[in-house]
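Below is one structure, written out as structure tokens; comments come after it.
The values are calculated or read from the model by the stated rules, or taken from the named source; none is laboratory data. No experiment lies behind these values; they were computed from the predicted model shown. Counting neighbours? That spans all protein chains shown, and the Cβs are built from the backbone with ideal geometry, glycine included. Side chains included, ligands, DNA and RNA excluded: accessible areas come from the protein's heavy atoms. Shrake-Rupley method; radii C 1.70, N 1.55, O 1.52, S 1.80 Å.
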Amino acid sequence: MKIAIIGAGLSGITAAKTLQSELGDKADISIFEKSRGAGGRMSTRRTEEFEFDHGAQYFTAKDARFQTAVEQAIKDGHVAPWNGTAKYLKNGTLEDDKGGDRFVSLPRMNSWIKAMAEGFNITTSARVGALSKSTDKKWRLSFEDGTQQDGFDYVIAAIPAPQAQALLTPTGFSQIQPIKDTRMEACFAVMVGFNKTLDLPWQTLRRADGPASWIAVNSAKPGRPESGTTLMIHSGSNWSAANVDRDKPDLQAEILADVTAELGIDFKDAAYMTIHRWLYAAVSQGAEQDCLTDKALGLITCGDWCLGGRVEGAYLSGLSAAEHVLSWAR
Ligand code: FAD
């Protein structure tokens, strides 16, 4: 049985790992990823001096299946709780930012996925541009560089909804409407590295929607390099949507000016700063199904957007995708 998984984020790697543990040698699993490595939106930007988790900041675990996975990852040294001081800035006053226990991957946000992905056949820098059936009725993947791979019995597209829509619409995928109805929002991530220690009364700060609606002291997470201070600043969904096509240097300046005006942090001494645009960062309207399937076609799509738009949802959706393939293959 040949299975193709498109996307090496948490949902895709969870699907791969679940299928492999159930099917062993009976399945030949290939993973295709358009970027240079596994991680997706749980990724880490590294420079010579600094590191930034510029996608997911931390995760919570409410579902028992995800809690079990997190507990195992803690035992294996890939995840740790992050009990940093969490504040919410409301009308100029710092309040406690309450929520469940927070976890991060160690020593970087992508480390857990990379550990899970070990041993898999992952082709990176491989963007799947089209899916089609070849003469033997198996799936053919066509890549943007003009190459193709054939012979797949099942395909799992573990990618954000707009990308799934583009890939699956031409196949006649029967559950296309929930994908079309899904809404994903952009986010700008500004990364700032200082060679000095900043004295801040919080390790994460949540604010109302605006240029800087979230600030985390990345260097304060467990297992991170201890010299200097790294800040991760995220713009809010509404502000990002209104500014999505503007030049990134202008947006970076606006985001930093917002932080300086509100919190007095001076960026003149920063040793490093850059901005990244996530087009599909968060989910404002999800599909609200574990994953979307078409048994007759042997196609599934999954991802965080199916189940709430967070790390936990990505894991559970990938798990569900694998369970469907297992039930079809029996
Ligand atoms: P992804 O991680 O997006 O993986 C999909 C993969 O598919 C990507 O690697 C992509 O490159 C690849 N791909 C796409 N199209 C193709 C193609 N055609 N061919 C090949 N490969 C393709 N969640 C939390 O729980 N807590 C947080 O604090 C949090 N903060 C966030 C902050 C930001 C700025 C962002 C961006 C996300 C945040 N999230 C957070 C959300 C969390 O990162 C996601 O829910 C989770 O990582 C999604 O995993 P996934 O596997 O569904 O998708």
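Relative contact order of the chain: what whole-number percent is it, with Cα pairs under 8 angstrom and at least 6 residues apart?
Working: 732 pairs, mean separation 72.3, N = 330.
That works out to 22 percent.
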DSSP beta bridges in the stretch 1-127: the antiparallel percent, rounded to 5, is 55
Listed by chain and number, the aspartates and glutamates with an alpha carbon less than 20 angstrom from that of Lys2, same-chain partners under 8 positions apart left out, are Glu22, Asp25, Asp28, Glu33, Glu118, Asp136, Asp150, Asp153, Asp294, Glu323
With no solvent term and unit scatterers on the alpha-carbon positions of the stretch 64-185, Debye gives log₁₀ I(q)/I(0) at q = 0.15, 0.16, 0.17, 0.23 Å⁻¹ of -0.97, -1.01, -1.05, -1.23
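Sorted from largest to smallest, which semi-axis lengths in Å does the alpha carbon gyration tensor of the chain give for its equivalent ellipsoid, taking the root of 5 times each eigenvalue?
After scaling each eigenvalue by five and taking roots: 36, 21, 18 Å.
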If one builds a Gaussian network model of the chain from Cα atoms under 10 Å apart, the most fluctuating residue listed among Arg246, Arg65, Arg41 is Arg246
Summing -39500 (n - 2.57) over every DSSP H run of at least 4 in the chain, dividing by its residue total and rounding to the nearest 500, the 222 nm mean residue ellipticity is -8000 deg cm²/dmol
Rounded to whole angstrom, the alpha-carbon centroid of the stretch 32-74 lies from that of the stretch 190-232 at a distance of 17
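For the chain, give the percent of accessible area contributed by carbon and sulfur heavy atoms, probe 1.4 Å, rounded to a whole number.
On the way: 6660 of 14970 Å².
Accessible surface attributable to carbon and sulfur in the chain totals 44 percent.
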Note on the stretch 116-254: contact order normalised by length, alpha-carbon pairs under 8 Å, 6 or more apart, percent, works out to 16
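If the limit is 20 Å between Cα atoms, which of Lys17/Lys75; Lys137/Lys295; Lys26/Lys138; Lys87/Lys221; Lys34/Lys180 go over it?
Numbers: Lys17/Lys75 18 Å; Lys137/Lys295 14 Å; Lys26/Lys138 17 Å; Lys87/Lys221 15 Å; Lys34/Lys180 22 Å.
Over 20 Å apart, Cα to Cα: Lys34/Lys180.
Only bridges with both residues in the chain count here: give the DSSP antiparallel percent, nearest 5.
Details: 44 of 62 bridges.
Antiparallel bridges: around 70 percent, rounded to the nearest 5.
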Listed residues Gly100, Gly223, Gly309; largest mean-square fluctuation, Gaussian network over the chain with Cα springs below 10 Å, found at Gly100
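Considering only protein heavy atoms, what per residue accessible area in square angstrom results for the chain with a 1.4 angstrom probe?
On the way: 14970 Å² over 330 residues.
Here the per-residue accessible area is 45 Å².
With charges only on Cβ, +1 for K and R and -1 for D and E, what is the dipole size of the chain about its Cα centre, in debye, rounded to 20?
Values: 36 positive and 40 negative charges, 104 e Å.
Value, rounded to 20: 500 debye.
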Per GNM of the chain with C-alpha springs under 10 angstrom, the most fluctuating residue out of Ser227, Ser213, Ser235 is Ser227
Listed by chain and number, the residues whose amide H is under 5 Å from that of Ala130, excluding neighbours fewer than 5 places away on the same chain and using placed H, are Ser142
Partnerless cysteines (no other Cys beta carbon under 4.7 Å) identified across the chain are Cys187, Cys306
